[in-house]
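Q: The structure under discussion is supplied below as structure tokens; questions concerning it will follow.
The values are calculated or read from the model by the stated rules, or taken from the named source; none is laboratory data. Not measured: the values here are computed from a predicted model. In this analysis, Cβ positions are derived from the backbone assuming ideal geometry, glycine residues included, and neighbour counts consider all displayed protein chains. Ligands, DNA and RNA are excluded from the accessible area calculation, which covers all protein heavy atoms including side chains. Shrake-Rupley method; radii C 1.70, N 1.55, O 1.52, S 1.80 Å.
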Amino acid sequence: MAVIELRNVVKDYGQFKLSLSMEIERGITAILGSSGAGKTTLLRIIALLESFEGEYYFMGEEASEKHRKKITMVFQQPVVFRGTVLDNLLYALSLDGNSSKEKAEEILEKLNLLEVAKKKAKNLSGGEKQRLAIARALAIEREVYLFDEPTSNLDAENASIVEKCIRDLAKSGKTIVIATHNIFQAKRLSDKVAFLHNGKLIEYGETKQIFENPKNELTKKFVSGDAYY
Amino acid sequence: MVSLFGDLDWGIVAEITLRSLKVSGLAAILASTIGIPVGVLLSLYNFTGREFLKSIFNTLLGIPTVVMGLFLYLLLAPKGPFGFLGLLYTEMGISLGQMLLVLPIVVSITATSIEQVSEEIYELALTLGASRAQAVVKVISEALPGIVLSSIAAFNRAVAELGIALMIGGNVFVYGGLANTRVLTTAIQMHVARGEIDVAIVLGLILLSVVFAISWIMNLVKKWL
Amino acid sequence: MARKIVILALAILVITFGLYFYEQNKRKELKILTISTTTSLYDTGFLDEVARIFKEKYGIEVHFIAKGTGAAINDAKLGVSDAILVHAKSKEEEFMREGYGVNRKIFAYNFFVIVGPKDDPAKIRGSSVVDAMKKIAEAGREGKAIWVSRGDLSGTNVKEIALWKAAGFDYEEIRKEKWFRETGAGMGQTLLYASNEKAYTLSDTGTYLRFKRAGKIDLEILVDRGEELINVYSIIVVNPEKGNENFDLAMKFEKWLVTDGQEVLRGFGRDEFGMPLFYPAVEVLEKKIEPYYSWIAKYGFINGSECPKEYRYRAEEYGIAFW
């Protein structure tokens with residue numbers, strides 16, 4: 001059974017319209033596409049932050065407010081709370097009914113943030129903020145993790161740290177959806193790839209198939225790196 | 001200069017300074033008590049008349065204190081509609097008048113500082129598993145420095161204004177009196193009118209120090225928050 | 001947390017109400033007399049002295065509210081004050097005619113002064129008042145002199161208007177001329193302005209002396225003699241029939257002002273300025289000391305008396321007689 005099932009989901013902004021049906025299963029799914037393709041909107045719909053038309057089933061049930069506790073999302077532009085890096089994590093943990101400092105520090109260690117744990121979150125660099133946002137999401141137990149361009153602000157070293165964390169999550173049986181415009185990241189990381197263009201799902205399949213044997217011309221162009229939209 | 005300083009009765013200066021702190025402090029506290037909830041409501045909840053209310057508060061932001069003072073004076077005069085309250089030429093009268101003056105400041109700074117963080121913090125809290133109510137609480141707590149700032153700004157405006165303190169307070173001073181209403185600004189105005197510029201300057205420096213000290217303390221509080 | 005905030009807010013409101021009732025109660029226990037007064041009188045500091053004496057001797061708190069004569073009268077009409085101290089006869093008369101004021105007593109007088117720059121471009125030093133005004137207007141039109149008017153309908157301004165009239169000018173006409181400036185501000189501000197502009201102006205003695213002594217202005221007294229310059233201060237008690245609940249206290253204050261207060265008045269400012277700021281008026285009226293009696297009668301009496309019969313109200317109960 002699919003973890004997430006979208007049937008004829010439509011989000012109409014007037015000049016832009018997202019309209020698709022898709023099923024997402026456990027493992028890592030990459031939503032690939034250029035900017036403006038509708039990746040963020042799709043993630044926000046899955047995260048129940050956006051109203052929409054159509055049907056959305058979460059593990060077989062009609063998705064509603066109560067399922068928000070099963071999903072978390074990391075925004076592309078990282079938002080941090082006032083207070084220290086550690087405070088940020090502790091707040092997330094407290095919402096989960098868990099305020100273990102050890103757990104917070106363990107995650108910070110993992111994301112190479114332990115050194116700045118006592119620093120004010122607002123004073124972090126862009127890359128540090130992004131890692132903090134990811135750490136915050138990793139701190140809480142969820143069924144589904146949504147990442148919007150998770151490594152866009154990161155250098156190669158930190159990007160690979162984040163990617164490792166995402167892989168570990170997948171190994172523990174979680175469902176992960178990453179929105180990315182980076183074909184290499186999609187190729188490296190994901191089990192399945194959904195290629196989005198102008199709000200439409202152009203092609204959806206196993207990563208290997210999408211990269212080696214794309215059926216659609218647009219997909220072919222994009223994955224070959226020829227297309228920059 | 002020296003001889004004028006000799007004339008300066010520091011006991012009176014202390015009395016006037018304390019009164020300024022007390023009267024405007026109460027004004028700021030009352031304005032915060034009412035204004036912060038109103039600011040929260042205006043920034044977080046959609047209801048009919050919200051934009052209208054907001055524009056009223058924004059307009060009142062720039063109201064000249066003398067106009068406000070005159071208006072209140074006519075309302076509070078014994079033969080005016082609120083004369084029965086006995087508030088004219090009393091400390092409480094000044095406090096309440098200044099409260100009305102600074103209320104729009106509290107409302108609008110509170111509302112703005114919440115609006116600045118509301119969307120993204122609200123959604124972030126939701127993604128981390130907060131209920132809608134918890135998310136609202138988080139938004140307010142994130143806006144706390146701005147809300148604290150609104151209270152300081154309110155106090156600073158109240159303690160430095162003259163119109164209401166003069167029209168509603170009357171600059172009453174009796175040596176050893178128990179119902180005096182002279183505050184720093186009215187004293188400064190009086191000493192200027194009396195040609196005692198040096199005394200006025202000393203009082204002005206005290207007023208500035210008060211404003212600086214309060215702002216400094218509040219900045220510490222803000223950091224600690 | 002929400003509950004804590006609500007409790008805090010309620011506590012603040014309760015404390016505020018508490019403070020309000022405490023203040024109101026305290027005021028009820030105190031004997032408070034509210035008197036609106038003209039600024040020029042207030043700013044001499046004489047009334048501070050009076051308030052101190054009343055507090056110490058009688059335990060009465062006299063609250064003086066300093067305003068222009070017009071605003072002081074307005075205060076009384078709105079029921080704010082129990083008596084007024086003013087110096088503009090025409091307005092006083094109107095105030096009593098409308099039934100608001102009773103028992104007017106003249107308690108002090110002094111003289112306005114025409115002050116100007118030391119070099120005196122209009123050559124008014126030693127002239128009579130009327131001549132001085134004429135010379136200033138003449139020099140003004142020739143571009144040699146500037147006149148500064150308060151233009152605020154204060155007692156001083158009212159006096160100035162009368163002086164122009166006596167010299168044959170219409171205030172409403174000359175105020176439009178180039179050499180004629182208006183500040184619309186208090187006496188102190190006006191003196192500072194006149195000093196900066198090397199201009200002439202009309203001032204009360206008290207304000208002029210204080211600014212002069214403090215070294216704020218570079219102006220000299222050029223004309224200080226002449227009956228036209230007399231400045232008569234009077235007290236008017238607000239009519240109890242217009243809702244003055246403090247009539248008794250106000251009358252006692254009036255009584256003090258025209259008896260014991262006269263001595264306080266006589267000594268006030270003498271040490272500080274080398275000359276008195278006010279002269280007690282009661283003995284002049286009683287003993288008909290000339291020429292001051294005639295001057296006060298001419299510029300301060302209404303229909304031949306400081307307070308015509310129809311404006312008197314139970315004054316004899318307080319042992320107050322009128323001249």
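Q: I'd like to verify a number: residues in region A:27-63 that are small (Gly, Ala, Ser) and within 13 Å of chain B (Cβ to nearest Cβ), how many?
A: Final tally of qualifying residues: 1.
Q: Which members of region C:1-38 meet the condition of being within 19 Å of B:Arg19 (Cα to Cα) and hydroxyl-bearing (Ser, Thr, Tyr)?
A: Passing the criteria: C:Thr16, C:Tyr20, C:Tyr22.
Q: Please work out which one of (1) at positive phi; (2) modelled with pLDDT of 90 or more; (3) over 18 Å from the mean Cα position of the chain (by Cα) is the condition A:Gly173 fails and give its number.
A: Unmet condition: (3).
Q: Could you check how many residues of region C:29-55 are touching a Gly at 6+ places or on another chain (Cβ under 9 Å), part of a helix (DSSP H, G or I) and either under 22 Å from B:Thr90 (Cβ atoms) or within 10 Å of chain B (Cβ to nearest Cβ) (or both)?
A: 7
Q: Starting from region C:123-151, take each residue that is on the phi < 0 side of the Ramachandran plot and of a type in the set (S, T, N, Q) and list its partners that are surrounded by 15 or more Cβ atoms within 10 Å (Cβ to Cβ) and in a helix (DSSP H, G or I), counting only C-beta distances under 7 angstrom and pairs at least six apart or across chains.
A: From region C:123-151, the pairs are C:Ser127/C:Lys135; C:Ser149/C:Asn157; C:Ser149/C:Glu160.
Q: Report yes if some residue within region C:75-86 is open to solvent by 10 Å² or more (accessible area, probe 1.4 Å), of a type outside the set (D, E, K, R) and without any contact (Cβ under 8 Å) to a residue 60 or more places away in the chain; otherwise report no. Before you say what the answer is, go through the steps one by one.
A: First, pick out the residues of region C:75-86 that are open to solvent by 10 Å² or more (accessible area, probe 1.4 Å): C:77-80, C:82.
Next, only the ones that are of a type outside the set (D, E, K, R) stay: C:78-80.
Filter once more, so that each one left must be without any contact (Cβ under 8 Å) to a residue 60 or more places away in the chain: C:78, C:80.
Yes.
Q: What residue, of B:Leu101, B:Leu124, B:Leu96, is touching a Ser or Thr at 6+ places or on another chain (Cβ under 9 Å) and away from chain C (no Cβ under 12 Å)? Give the steps one after another, and end with the answer.
A: Numbers: B:Leu124 fails: touching a Ser or Thr at 6+ places or on another chain (Cβ under 9 Å); B:Leu96 fails: away from chain C (no Cβ under 12 Å).
Within the list B:Leu101, B:Leu124, B:Leu96, the selection yields B:Leu101.
Q: Of everything in region A:73-88, what is crowded, with 23+ Cβ neighbours inside 10 Å and more than 10 Å from chain B (Cβ to nearest Cβ)? Give them in sequence order.
A: Of everything in region A:73-88, just one residue is crowded, with 23+ Cβ neighbours inside 10 Å and more than 10 Å from chain B (Cβ to nearest Cβ), namely A:Val85.
Q: Does C:Glu220 qualify as being surrounded by 15 or more Cβ atoms within 10 Å (Cβ to Cβ), over 30 Å from C:Tyr318 (Cβ atoms) and among the acidic types (Asp, Glu)? Reasoning before the result, please.
A: On the way: surrounded by 15 or more Cβ atoms within 10 Å (Cβ to Cβ): yes; over 30 Å from C:Tyr318 (Cβ atoms): yes; among the acidic types (Asp, Glu): yes.
It is true that C:Glu220 is surrounded by 15 or more Cβ atoms within 10 Å (Cβ to Cβ), over 30 Å from C:Tyr318 (Cβ atoms) and among the acidic types (Asp, Glu).
Q: For the list (1) in the same structural domain as C:Ala83 (by TED's automatic domain parsing); (2) over 19 Å from the mean Cα position of the chain (by Cα); (3) over 17 Å from C:Gly101 (Cβ atoms); (4) in a loop (DSSP other than H, G, I, E, B), I need the number of the one condition that C:Val284 fails.
A: Here C:Val284 meets the rest and fails (4).
Q: Something else about it: Pick from A:Ala92, A:Ala117: which is touching a Ser or Thr at 6+ places or on another chain (Cβ under 8 Å) and open to solvent by less than 50 Å² (accessible area, probe 1.4 Å)?
A: Working: A:Ala92 fails: touching a Ser or Thr at 6+ places or on another chain (Cβ under 8 Å).
Among A:Ala92, A:Ala117, only A:Ala117 is touching a Ser or Thr at 6+ places or on another chain (Cβ under 8 Å) and open to solvent by less than 50 Å² (accessible area, probe 1.4 Å).
Q: Within region B:172-182, can you find the residues that are more than 7 Å from chain C (Cβ to nearest Cβ) and open to solvent by less than 10 Å² (accessible area, probe 1.4 Å)?
A: B:Asn180, B:Thr181
Q: Now, a different point. Restricting the search to region C:190-217, which residues are modelled with pLDDT under 90, open to solvent by 60 Å² or more (accessible area, probe 1.4 Å) and in contact with a Lys or Arg (Cβ under 9 Å, 6 or more places away or on another chain)?
A: C:Lys216
Q: Got at least one residue in region B:132-143 being open to solvent by less than 10 Å² (accessible area, probe 1.4 Å), more than 9 Å from the chain's Cα centre (by Cα) and more than 14 Å from chain A (Cβ to nearest Cβ)?
A: First, pick out the residues of region B:132-143 that are open to solvent by less than 10 Å² (accessible area, probe 1.4 Å): B:135, B:139, B:143.
Then keep just the ones that are more than 9 Å from the chain's Cα centre (by Cα); that gives B:135, B:139, B:143.
Still in the running and more than 14 Å from chain A (Cβ to nearest Cβ): none.
The answer is no, given that none of the residues of region B:132-143 is open to solvent by less than 10 Å² (accessible area, probe 1.4 Å), more than 9 Å from the chain's Cα centre (by Cα) and more than 14 Å from chain A (Cβ to nearest Cβ).
Q: Assuming C:Val237 fulfils every condition listed in (1) assigned to a strand (DSSP E or B); (2) of a type outside the set (D, E, K, R); (3) in contact with a Phe, Trp or Tyr (Cβ under 6 Å, 6 or more places away or on another chain) apart from one, which condition is it?
A: Going through the list (1) assigned to a strand (DSSP E or B); (2) of a type outside the set (D, E, K, R); (3) in contact with a Phe, Trp or Tyr (Cβ under 6 Å, 6 or more places away or on another chain), C:Val237 breaks only (3).
Q: Are there any pairs, at least 6 apart or on different chains, whose C-beta atoms fall under 6 Å, with the first in region A:159-181 and part of a helix (DSSP H, G or I) and the second open to solvent by 30 Å² or more (accessible area, probe 1.4 Å), and if so, which?
A: A:Ile161/A:Asn112
Q: Does C:Phe111 satisfy the criteria of being open to solvent by less than 20 Å² (accessible area, probe 1.4 Å), touching a helix residue (DSSP H, G or I) at 6+ places or on another chain (Cβ under 6 Å) and more than 14 Å from every other protein chain (Cβ to nearest Cβ)?
A: Numbers: open to solvent by less than 20 Å² (accessible area, probe 1.4 Å): no; touching a helix residue (DSSP H, G or I) at 6+ places or on another chain (Cβ under 6 Å): yes; more than 14 Å from every other protein chain (Cβ to nearest Cβ): yes.
Taking the combined requirement at face value, the residue does not satisfy it.
Q: Residues of region C:233-268 being touching a Ser or Thr at 6+ places or on another chain (Cβ under 8 Å), open to solvent by 10 Å² or more (accessible area, probe 1.4 Å) and within 14 Å of chain B (Cβ to nearest Cβ), which ones?
A: C:Asn246
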